[in-house]
Amino acid sequence: MSTFEAATAAGTSGGGSLTLTKGTRPIKIRGKRSSLLPLLPFFAFVGYFLIYPLFTVSKDAFLDNSGHFTLANFSQAFHGVYAQGFLLSMRLSLASALVSAVIGAALASAIVRIGQQSRKVLVAIASVLANTGGVPLAFMFIASFGAQGLVTKALKFAGIDLYAGRFTLFSFMGLLLVYCFFQIPLMVLIFSPALENVRPEWREANDSLGGSRVDYFKNVSVPLLFPAFLSTTLLLFANAFSAYATARAMTAGQMPLVPLLIGNLVDGNVIANQEHLGHALAVVMIGVSLVVMSMYLVVLRLTKSRS
Amino acid sequence: MKLKLRPAHYLILLGGALFFVFPLMAAVEFSLRTNQGKSYGLANYRWFLHQDGFRPNLFMSFKLAALTAVLVLALMVPTVVYTHLGGAKWRRLIEFICLVPLVVPVVSFAIGAITAMPTIFQSSPYELSFLYVIISLPYTYRALDVGLSSIPLTTLVEASRSIGASSRHTLQFVVVPSIRSAVNGAIFLAIALSLGEFTLAVLLHWDTFPTWINNVSQDNVLGAISLSVFALFGAIFIVLIVALAPNIRKSEKIEESA
């Protein structure tokens, strides 16, 4: 399972601006001082298995092979193939986030209109599709959009040659297509709760005041849903940016995406003694993700404070 | 007034369905090919069932999933319950910590684990379960938090304590049963995540079902496609059961109260 559940939560609160309902407040037992003791197992576990590794990787990123402080790892991370990797990863993540956000939002707007039971089934399937990746996903696309794939053959029969230009499944456009397969369902999952909060009464109000469909779209639904849309798009970016299994299965080393570069350094496939470079790349990746996710949180905050 | 489906919506749904159904159907078609595509059969499915490592690796993934689920329950249920009772002032911090794994790309986390964890810990595949607990935090926290927000927790706990139950008994016999579906949700999420996780397993050099699929896929393309179909439809099957199951329980409750 990947980001969808928490993201669903975020989407819900993003759409929370549309309604006045609020969750139950935390309640306190009277006359009891809150102690930290019952939370110690949690803090110990998270401290050791999450904070400590992140601290170590950040610290090591500033060390050279003999253990002295250096910034060389970072300057290497921002040059040559690694800089290209970051640019490519960001371009792919941005493109797949934008395309999937638009298509996913359209799909979600259709899905919230269908019956409860079939919607439940579709959402369940979407949660699986949003988590497909790696070899299974790669093979599905090779079987359909590959040079010998069924869709390719069907399109050729209809007179459209997918492979007439420079398209291959392993190019940028091909990867974009594959990424959409898990990004669009993720968008549907996260964005649907926000759409469900749009009241049909608002549409009626618009109609009875003489507004057209364009007026409704321009003045009601777009301003209402834009924050949720934007925040979800940022989440999709982060999701694509950190995708490793699919990138590895699809590119066979042809596309220098950052997660793959890091993976190669860890496996020692390239050059030995470059561990610290791997650490620096990992830290820069966390940095990019952190920027995107804090933008996401800011958008959510703004949305909440407006309600 | 209910929102209506317009012709445009049918077009969108149709387009979406085609985009998602075509790759699935194409994979199924390929997986059934036998005799160099001259006829159809189940030979490719039989191939992977008899591969070395199919059962041990699937079993390994199930064991990791079970351990992850147990760890998640033991760690998260008391913690989240406490943030809803006396520890409310820690709630913000815990919520924040539980979101951190969303921000950290798994590759970066994997490097951190390789560098930081002691050798003795890294010598057992079960280390993966501890790391899976971390990457499932955002989802499991959310599931439990939502569940606890929907019940009168303070009242229940006070009632239980006033008739003399210990904290452990209160948790075991009062709180957990009343958030059963949220607990189930958290378990399910943890299990699904552990069964499908690839990045940590491969970077920490352990063999699990997803990494095994990756390895055998290099020898036999059609076999690998069958395996992919098996894994994907298996996952859809499990999720559909879980999605449709709560209805059964609801109708049972109605019968009981009647």
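Just to be sure before I move on: is A:A249 within 9 Å of chain B (Cβ to nearest Cβ), part of a helix (DSSP H, G or I), touching a residue at least 12 places away in the same chain (Cβ under 8 Å) and buried (at least 21 other Cβ atoms within 10 Å of the Cβ) in the structure I sent? It is true that A:A249 is within 9 Å of chain B (Cβ to nearest Cβ), part of a helix (DSSP H, G or I), touching a residue at least 12 places away in the same chain (Cβ under 8 Å) and buried (at least 21 other Cβ atoms within 10 Å of the Cβ). For region B:94-116, filtering for residues that are facing chain A (nearest Cβ under 9 Å) and in contact with a Phe, Trp or Tyr (Cβ under 9 Å, 6 or more places away or on another chain) leaves 12. Flag: A:A97 matches the condition of being farther than 27 Å from B:F188 by Cβ, in a helix (DSSP H, G or I), more than 8 Å from chain B (Cβ to nearest Cβ) and out of contact with any Gly (no Cβ under 8 Å at 6 or more places or on another chain). Within region A:79-98, being without any contact (Cβ under 8 Å) to a residue 12 or more places away in the chain and not aliphatic (A, V, I, L, M) holds for A:H79, A:G80. For A:A108, state whether it is outside any loop (DSSP other than H, G, I, E, B) and under 22 Å from A:L277 (Cα atoms). No, not satisfied.
Where the second residue is surrounded by 13 or more Cβ atoms within 10 Å (Cβ to Cβ) and of a type in the set (D, E) and the first is within 14 Å of another protein chain (Cβ to nearest Cβ) and lies in region A:200-227, which pairs have Cβ atoms under 7 Å and are six or more apart or on separate chains? Listed pairs, sorted by first residue: A:N206/A:D215.
Tell me the residue from B:L64, B:L42, B:L24 that is in contact with a Leu (Cβ under 8 Å, 6 or more places away or on another chain) and without any contact (Cβ under 8 Å) to a residue 60 or more places away in the chain, please. Answer to the selection: B:L42.
Residues in region B:167-216 that are in contact with a Ser or Thr (Cβ under 8 Å, 6 or more places away or on another chain) and without any contact (Cβ under 8 Å) to a residue 24 or more places away in the chain: B:H169, B:T170, B:F173, B:V174, B:F198, B:V202, B:I213. Once region A:276-307 is narrowed to residues that are more than 11 Å from A:L234 (Cα to Cα) and among the small types (G, A, S), the residue that is modelled with the lowest pLDDT is A:S307.
Scanning region B:27-39 for residues that are more than 14 Å from every other protein chain (Cβ to nearest Cβ) and either surrounded by 12 or more Cβ atoms within 10 Å (Cβ to Cβ) or under 29 Å from the mean Cα position of the chain (by Cα) (or both) yields a single hit, B:T34. Condition (residue is surrounded by fewer than 19 Cβ atoms within 10 Å (Cβ to Cβ), of a type in the set (G, A, S) and closer than 30 Å to A:V292 by Cβ) applied to region B:110-125: is it met by at least one residue? Checked against the condition, which is being surrounded by fewer than 19 Cβ atoms within 10 Å (Cβ to Cβ), of a type in the set (G, A, S) and closer than 30 Å to A:V292 by Cβ, region B:110-125 yields no hits at all. When B:G164 is tested against the conditions (1) without any contact (Cβ under 8 Å) to a residue 40 or more places away in the chain; (2) out of contact with any Ser or Thr (no Cβ under 6 Å at 6 or more places or on another chain); (3) assigned to a helix (DSSP H, G or I), the lone failure is (3).
With respect to the conditions (1) buried (at least 21 other Cβ atoms within 10 Å of the Cβ); (2) at the interface with chain A (Cβ under 7 Å from one of its Cβ atoms), B:I135 falls short on a single one, namely (2). In summary, B:A182 fulfils each of the numbered conditions (1) in a helix (DSSP H, G or I); (2) at pLDDT 90 or above; (3) more than 7 Å from every other protein chain (Cβ to nearest Cβ) with the single exception of condition (2). The set of residues in region B:207-243 that are under 19 Å from the mean Cα position of the chain (by Cα) and part of a loop (DSSP other than H, G, I, E, B) comprises B:D207, B:T208.
The values are calculated or read from the model by the stated rules, or taken from the named source; none is laboratory data. Being a predicted model, the structure only gives us computed values, none of them experimental. Positions of Cβ are backbone-derived with ideal geometry, glycine not excepted, and every protein chain shown enters the neighbour counts.
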